[in-house]
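Student: One structure follows; several queries about it will come next.
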Amino acid sequence: MQPIRTIESKTVVLPSTNIDTDQIIPARFLTTTTKEGLGKQLFADWRYDSAGATKPDFVLNRPEATGCSVLVAGRNFGCGSSREHAPWALVDFGFRVVISTEIADIFRSNSLKNGLLPVVVDETTHQWLLANPGAQVKVDLETNMLTLPNGTSVTFPIESFARYCLLNGTDELGFLQQQADAITRFEQGRA
Amino acid sequence: MNAKTLFEKVWEQHQVVPETADTPAVLYIDLHLVHEVTSPQAFSLLRSLGLKVRRTDRTLATMDHSTPTDPDEVFGRVPIKVESAAKQVKELEKNAREFGVELLGLGSDQRGIVHVIGPEQGATQPGKTIVCGDSHTATHGAFGALAFGIGTTEVGHVLATQCLLQRRPKTLAIEVKGRLAPGVTAKDLILAIIGKIGVSGGTGHVIEYRGEAIEAMSMDERMTICNMSIEAGARAGMIAPDETTFAYLKGRRFAPQGADWDKAVAEWRKLKTDPGARFDRVVEFDASMLEPMITYGTHPGMVVPINGSVPTRVNDPVHDKSLAYMGLTGGEKLAGKPIQVVFVGSCTNARLSDLELAASVMKGRKVAKGVRALIVPGSQQIKREAEARGLDKIFTDAGAEWRESGCSMCLGMNGDLVDKGQYAVSTSNRNFEGRQGIGARTLLASPATAAAAAIAGRITDPREYLQSVAH
């Protein structure tokens, strides 16, 4: 996993509420047995028409979306299916941060394990971000701060262990493996 | 001793290491269910790190999501049509062999939807922690287990260590007072609950469903309720185990036997929430006034009574976009609207009692002209039981298709699809845009409502059909 410290980028905005993981990557693409290359299928049914041609009006297809690593989305982003293909596709496309007022539990957990930082902000900040697509923002994980172009900063919550893993690019598996003795004792205690 | 909730008791019994300010709890997992779609990358990780599956005896695999429902494909008489799905099936067969995991594979007579076979095999038990790389793992909470969906990275963690790192969620009690009226089902109740608390109303919480209506339910109905907890944003939903739970489990393959059974039941009886235990939130709900429910939009919280109208909202572009996708307008009545597809199936509503309910509506009647009705049992065992009761005959005589088990048209991974623009009344759990096929318009409802729609060729109140059967 690529570590995250500071991300500075323009935003891409998808204002819809309740964007579910079926929209992020439709089920028909889940027959893959690897993680690679899913960025092509990100928001497939919104990005491409039925003949597979790119829809030029869709925000991710516009030239200004190129190189953006911060996605601002409506409330309750990532609800629905637990498919980790959703963060895999977002990261493969180039996103490192998702900002909303509410981010669904399983999607948030999956994102943290793939170097995609879920940032939950207050309603006022969110409204401003939704109204100003393309705003240059700074997300600093060392200070847990999101800074808007006018210099205002807001803090965002993040679970401390996930933050540690993101800052260091560490997978949680190593930590779990270090608990092997405790796990064995636990198993013996219940036998 | 402090009064504790059901959730707290199960959580505390599984903490290998309690959480601290810096680290989440190390939570022990009793049962890990594995399927073909969310596991390949996890097995690849184990292989690349030279790791084994720590507890093959706590791991059970099956195939359901991308598998065909056409018998010729299932039993190998013709190749699986969706080539990438065929590859995924092969991959799980290889992984299960290599890592020594029991697989109820494509040809197995115990195969089925992962959330149907866990309980059916008696692997799902009260007080257990159960995970699966699937958000509908919440289903198993119907037995008083703490069961929740995980991503593929976590599937790898559980395969390798039998543990997960977890922060303790909050608790939400949903108190359901009163009893459901005749013709109103568990599906109608959970849809109404989601409509009330919203699709993110349970985020960060484990729900405990309580009260008279829940206690009166069969295990099949309780599974329907817990199954859709995730549609309210909650990773897990639980119901206290009772005599109904124990009677369901007794004698099943993985259930404790003999003296172990009595010991297990004695422990299970202690799990229910203690009087005076506190929940972080409580929501009350009256079941007695409830009517059959149907969704009209593109998430399960967009739901109205069957005889209701599509709501109108001013200055709500998301609502408008959803209605435009559905081809509906605010103020329009849903009853009478022509439909083209009916799907009875999925981990929400494909158990034997669901099929019996659909059959009681369809018996002696014909599926309306121009309607495709697909009936997909939740498991091969349910399929056999349904056939032993003659349900398959009722369905096929009516003109419906009777298939092998699997997730099928719930998410259309296996080629069972709804065409663009078609209305499908489905007993599944998600009406998201494109879920059942590109441009498909899903209306979620109970098996009774779905079957009635198949006969009428339009959205209709199922109670008229159920009453006529009773005479």
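The values are calculated or read from the model by the stated rules, or taken from the named source; none is laboratory data. If you're wondering where the values come from, they're calculated on a predicted model, not measured in any experiment. So basically every Cβ, Gly included, is an ideal-geometry build from the backbone, and we count neighbours across all protein chains shown. Protein only, heavy atoms only, side chains kept; ligands, DNA and RNA dropped before computing areas. Shrake-Rupley method; radii C 1.70, N 1.55, O 1.52, S 1.80 Å.
Student: Which value, in Å² and to the nearest 10, is the accessible area of B:Met223 when all protein chains are kept and the probe is 1.4 Å?
Tutor: Estimated to the nearest 10 Å², B:Met223 gives 0 Å².
Student: Same structure, new question: Along the three principal axes, how long is the range B:197-259 when you take its alpha carbons, biggest first, rounded to the nearest angstrom?
Tutor: Principal extents (Cα only, largest first): 44, 24, 16 Å.
Student: Which whole-percent values make up P(r) of the protein assembly as shown when all C-alpha to C-alpha distances are grouped in 20 Å steps starting at zero?
Tutor: 19, 56, 24, 1
Student: Follow-up. Between the range B:384-408 and the range B:37-64, what is the C-alpha centre distance in whole Å?
Tutor: 33
Student: How do B:259-272, A:114-127 rank on mean C-beta neighbours within 10 Å, highest first?
Tutor: Highest mean packing first, the order is A:114-127, B:259-272.
Student: Any idea what the dipole of the range B:380-471 comes to, in debye rounded to 20, about its Cα centre with Lys/Arg Cβ at +1 and Asp/Glu Cβ at -1?
Tutor: Magnitude of the dipole: close to 180 debye.
Student: For the range B:1-121, what relative contact order do you get, as a whole percent, if you take Cα pairs closer than 8 Å and at least 6 residues apart?
Tutor: Relative contact order for the range B:1-121 comes out at 25 percent.
Student: I would also like to ask the following. What is the mean number of Cβ atoms from other protein chains located within 10 Å of the Cβ atom of each residue in peptide A:159-166, rounded to a whole number?
Tutor: Mean shielding count: 3.
Student: Considering every pair of different Cα atoms, what Kirkwood radius, in Å, is found for the range B:329-471?
Tutor: With all distinct Cα pairs of the range B:329-471 included, I get 14.7 Å.
Student: By DSSP, what percent of the beta bridges with both residues in chain B are antiparallel, rounded to the nearest 5?
Tutor: 25
Student: Right, here's the next one. Looking at the protein assembly as shown, what % of its DSSP beta bridges pair antiparallel, to the nearest 5?
Tutor: 30
Student: Related question: How big is the gap, in Å, between the Cα center of the range A:92-146 and the Cα center of the range B:344-360?
Tutor: The range A:92-146 and the range B:344-360 have Cα centres spaced 41 Å from each other.
Student: Output the peptides B:134-145, B:243-254 sorted from most to least packed, where packing is the average of other Cβ atoms within 10 Å over each peptide's residues.
Tutor: Going by the mean number of other Cβ atoms within 10 Å, highest first, we get B:134-145, B:243-254.
Student: Sequence neighbours fewer than 8 away in the same chain don't count; with that in mind, list the lysines whose C-alpha is under 24 Å from A:Lys10.
Tutor: Within the straight-line cut-off, A:Lys10 pairs with A:Lys40, A:Lys55, A:Lys113, A:Lys138.
Student: Just the Cα atoms of the range B:279-330: what Rg and Dmax do they give in Å?
Tutor: 13.7, 41
Student: Peptide A:10-22: average number of partner chain Cβ atoms within 10 Å per residue?
Tutor: 4
Student: When all C-alpha to C-alpha distances in chain A are sorted into bins of 10 Å, what percent of pairs does each bin hold, rounded to whole numbers?
Tutor: Pairs per bin, as whole percents: 9, 35, 34, 15, 6, 2, 0.
Student: Also: At a 10 angstrom cut-off on C-beta neighbours, averaged per residue, how do the peptides B:280-286, B:210-216, B:357-363 rank from highest to lowest?
Tutor: Highest mean packing first, the order is B:357-363, B:210-216, B:280-286.
Student: Let me ask something additional. Only Cα pairs within less than 10 Å get springs; with that Gaussian network setup on chain A, which residue of A:Leu112, A:Leu90, A:Leu148 has the largest fluctuation?
Tutor: A:Leu148
Student: Rounded to the nearest 20 Debye, what is the dipole magnitude of the range B:61-187 about its Cα centre when Lys and Arg each give +1 and Asp and Glu each give -1 at the C-beta?
Tutor: Here the range B:61-187 has a charge dipole of around 600 debye.
Student: Right, something else. Across chain B, what fraction of all alpha-carbon pairs, as a whole percent, falls in each successive 20 Å bin from zero upward?
Tutor: Calculated over all Cα pairs of chain B, the distribution is 25, 58, 16, 0 percent.
Student: Using a simple charge model, +1 on the beta-carbon of Lys and Arg, -1 on the beta-carbon of Asp and Glu, nothing else, what dipole does the protein assembly as shown show about its Cα centre, in debye to the nearest 20?
Tutor: So the magnitude is around 460 debye.
Student: Normalised by the empirical 2.2 N^0.38 Å for globular proteins, what value does the Cα Rg of the range A:90-189 take?
Tutor: 1.33
Student: Let me ask another. Distance cut-off 21 Å, Cα to Cα: go down the list B:Lys366/B:Lys393; B:Lys363/B:Lys393; B:Lys4/B:Lys128; B:Lys369/B:Lys420; B:Lys94/B:Lys128 and report the pairs above it.
Tutor: B:Lys94/B:Lys128
Student: Just the C-alpha atoms of the range A:15-93: what Rg/Rh do they give, with Rh taken as the Kirkwood radius?
Tutor: Rounded to two decimals, Rg over Rh is 0.94.
Student: How many angstrom lie between the C-alpha centres of the range B:89-126 and the range A:24-81?
Tutor: 32
Student: Same structure again: Name the chymotrypsin sites (Phe, Trp or Tyr not before Pro) in the range B:34-99 that are in a loop by DSSP and that have at most 16 other C-beta atoms within 10 Å, would you?
Tutor: Filter output for the range B:34-99: B:Phe75.
Student: Pairs of Cα atoms under 8 Å, at least six residues apart: use those to get the relative contact order of chain B, whole percent.
Tutor: 17
Student: Counting only other chains, and only Cβ atoms inside 10 Å, what mean value do you get across the residues of B:425-432?
Tutor: Mean shielding by partner chains, rounded to a whole number: 2.
Student: How high is the relative contact order of the range B:156-234, given as a whole-number percent (alpha carbon pairs under 8 Å, six or more residues apart)?
Tutor: Contact order relative to length: 41 percent.
Student: Same structure, new question: Along the charge dipole of the protein assembly as shown, which of A:Met145, B:Leu146, B:Val17 sits closest to the positive end, that is, farthest toward it, with unit charges on the beta carbon of Lys, Arg, Asp and Glu (+1, +1, -1, -1)?
Tutor: Checking the options against the dipole of the protein assembly as shown, the answer is B:Leu146.
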